[in-house]
1. Return yes when ILE22 is in a helix (DSSP H, G or I) and under 16 Å from the mean Cα position of the chain (by Cα) and no when it is not.
2. Of everything in the range 1-10, what is closer than 14 Å to PHE112 by Cα and more than 16 Å from the chain's Cα centre (by Cα)? Give them in sequence order.
3. Looking at LEU118, LEU90, which is the one that is outside any helix (DSSP H, G or I), under 14 Å from ASP154 (Cα atoms) and not β-branched (Val, Ile, Thr)?
4. Of all residues in the range 71-86, count the ones that are modelled with pLDDT of 95 or more, hydrophobic (A, V, I, L, M, F, W, C) and not in a strand (DSSP E or B).
5. Taking into account only those residues within the range 108-143 that are of a type in the set (Val, Ile, Thr) and surrounded by fewer than 20 Cβ atoms within 10 Å (Cβ to Cβ), which is nearest to THR75 (Cα to Cα)?
6. Against the definition (open to solvent by 10 Å² or more (accessible area, probe 1.4 Å), of a type in the set (A, V, I, L, M) and out of contact with any Lys or Arg (no Cβ under 8 Å at 6 or more places or on another chain)), how does VAL16 come out, yes or no?
7. Under the condition of being assigned to a helix (DSSP H, G or I) and open to solvent by 60 Å² or more (accessible area, probe 1.4 Å), which residue from the range 47-60 is modelled with the highest pLDDT?
Amino acid sequence: MIEVRPSQQMRDLGVVQHGVGILAEPARAFSLPAERDEAERITDELFAAMERIGQVHPFAKGMGIAAPQIGIGRTAAVVQPPGDAPAVILLNPKITERSDELDEQYEGCLSFFDVRGLVPRPLRITVETTAVTGETVTTVYERGLARLIHHEIDHLDGLLYTARMRTGVKPIPVEEYRQSGRAWAYE
């Protein structure tokens, strides 16, 4: 039996992989409510992608996916927190406040799933999003959920988590990460 690399598995499930230009470009915001149908269609596509991915890989600590990761350059992302919490839909998200207190944990990314990286992130963020009806919604996220949300917003800004890693720190192979005992997000 031939072992399929995690990144190849994600590619086969329709996830755009590292090196493709759309991952490095800021996504285009929605004009809501005028583009409500488009925003809802893309959100549905994100949920469908999460469903496909969840069938082949368990995400005990939550997962997220941003529209650029499925080849759509729009500011939409979906985050599924761990447990039975409802999914978080992010349309036109902007981080408006960040705590000074940071936490450094390993993260993975569906767009280069063969490695994990140690990423410092704020323990608390305040995020403004736009509802499909056009209203602005402000929400505070903390700890693990703040990390997941921040990671997805970075995708919408054309950033991968490697841009947030400390100088000199490099991603490690997923096999080494699993042996480190520091498993965190996306695993």
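The values are calculated or read from the model by the stated rules, or taken from the named source; none is laboratory data. This structure is a prediction, so every number in the text was calculated from the model and none was measured. Every residue, glycine among them, receives a Cβ derived from its backbone with ideal geometry; neighbour counts consider all protein chains shown. In case anyone asks, the SASA skips ligands and DNA or RNA and just uses the protein heavy atoms, side chains included. Shrake-Rupley method; radii C 1.70, N 1.55, O 1.52, S 1.80 Å.
1. Details: in a helix (DSSP H, G or I): yes; under 16 Å from the mean Cα position of the chain (by Cα): yes.
So ILE22 fits the description; yes.
2. Within the range 1-10, VAL4, ARG5, PRO6, GLN8, GLN9 qualify.
3. Working: LEU118 fails: under 14 Å from ASP154 (Cα atoms).
After ruling out the rest, the residue left standing is LEU90.
4. Matching residues across the range 71-86 total 1.
5. Within the range 108-143, the subset of a type in the set (Val, Ile, Thr) is 115, 119, 125-127, 129-130, 132-133, 136-140.
Next, from what is left, pick out any that are surrounded by fewer than 20 Cβ atoms within 10 Å (Cβ to Cβ): 126, 132-133, 136-140.
Numbers: THR126: 17, VAL132: 12, THR133: 16, THR136: 14, VAL137: 15, THR138: 16, THR139: 17, VAL140: 19 Å.
Across the range 108-143, the extreme among qualifying residues is VAL132.
6. Values: open to solvent by 10 Å² or more (accessible area, probe 1.4 Å): yes; of a type in the set (A, V, I, L, M): yes; out of contact with any Lys or Arg (no Cβ under 8 Å at 6 or more places or on another chain): yes.
Considered against the rule, which asks whether it is open to solvent by 10 Å² or more (accessible area, probe 1.4 Å), of a type in the set (A, V, I, L, M) and out of contact with any Lys or Arg (no Cβ under 8 Å at 6 or more places or on another chain), VAL16 comes out as yes.
7. Let us first name the residues in the range 47-60 that are assigned to a helix (DSSP H, G or I), namely 47-56.
Filter again for open to solvent by 60 Å² or more (accessible area, probe 1.4 Å), leaving 47, 51-52, 55-56.
On the way: PHE47: 96, GLU51: 93, ARG52: 93, GLN55: 88, VAL56: 86.
Checked the range 47-60; the qualifying residue modelled with the highest pLDDT is PHE47.
Yes or no, residue by residue, for (1) in a strand (DSSP E or B); (2) surrounded by fewer than 20 Cβ atoms within 10 Å (Cβ to Cβ):
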position	(1), (2)
LEU32	no, yes
GLU45	no, yes
PRO68	no, no
TYR106	yes, no
